[in-house]
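Structure first, then comments.
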Amino acid sequence: MENLEREIGEFREAFCPYGYLDVKMAVENALSAGYDSDWAYEQVEAFADQCCMKISEVDPCYVVMDSIMQEARNEIEGLTGFDLQNDAGFEVYGNYMCTCYDWRDEDIEGLKQALKENEVTSDDLSDATIHWLGMVEVNIEEL
């Protein structure tokens, strides 16, 4: 029985090699951005395919958070002309459940300035972009 339980655990880990907290963080970010777990998995699967990697080699938190940031990047650039990565240095620092967004103070100031100058409101933005802005500590309602 002990051997069977161990083998079942190893079999299950072959499908999902990530820890519970890694999966939880990736799915929480997807949900907060207006998506679901299927969308999160699709992002990981597409990333693995594009990079010729096995899914077990991909950091799901990084991929989900980067996908959200890229959506925000495209949306904000379309509304303001400000590019989060070319005009500023917003990045995703990947480390599984410790994955986070990284930026400098001047990046935030440039972003806020672009949003103010173009009179962008929360009504203009998707749930994903509003979520991302909150993660980088920008409250669109206060601008």
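Since every read-out is calculated from the coordinates, none of them should be taken as a lab result. This structure is a prediction, so every number in the text was calculated from the model and none was measured. As a convention, Cβ positions derive from the backbone with ideal geometry for all residues, glycine included, and neighbour counts pool all protein chains shown.
Worth pointing out:
- Whole-Hz ³J(HN,Hα) from phi, Karplus 6.51 cos²θ - 1.76 cosθ + 1.60, for the stretch 132-140, glycine and proline x: 4, 4, x, 5, 9, 6, 10, 9, 4
- Ranked by how many other Cβ atoms sit within 10 Å of their own Cβ, fewest first, the residues 36, 105, 59 fall in the order 105, 36, 59.
- Helical mean residue ellipticity (222 nm; -39500 (n - 2.57) per DSSP H run of 4+; nearest 500) of the chain: -19000 deg cm²/dmol
- Relative contact order for the chain, counting Cα pairs under 8 Å that sit 6 or more residues apart, in percent: 22
- Rounded to two decimals, the Cα radius of gyration of the chain over 2.2 N^0.38 Å is 1.22.
- Neighbour net charge for residue 37 - beta-carbon separation under 11 angstrom, K R +1, D E -1: -3
- With a cut-off of 12 Å between beta carbons, the residues surrounding residue 48 carry a summed charge of -4, where Lys and Arg count +1 and Asp and Glu -1.
- By average C-beta atoms within 10 angstrom, highest first, the peptides 123-129, 24-30: 24-30, 123-129
- Computed 3J(HN,Hα) for the stretch 30-44, one whole-Hz value per residue from the Karplus formula 6.51 cos²θ - 1.76 cosθ + 1.60 where θ = phi - 60°, is 4, 4, 5, 8, x, 10, 9, 5, 4, 4, 4, 5, 4, 5, 5, glycine and proline marked x.
- Dipole magnitude (debye, nearest 20) for the stretch 18-142, charges at Cβ of Lys, Arg, Asp, Glu: 360
- Segments 134-140, 107-113, 65-71 sorted - mean Cβ within 10 Å per residue, highest first: 65-71, 107-113, 134-140
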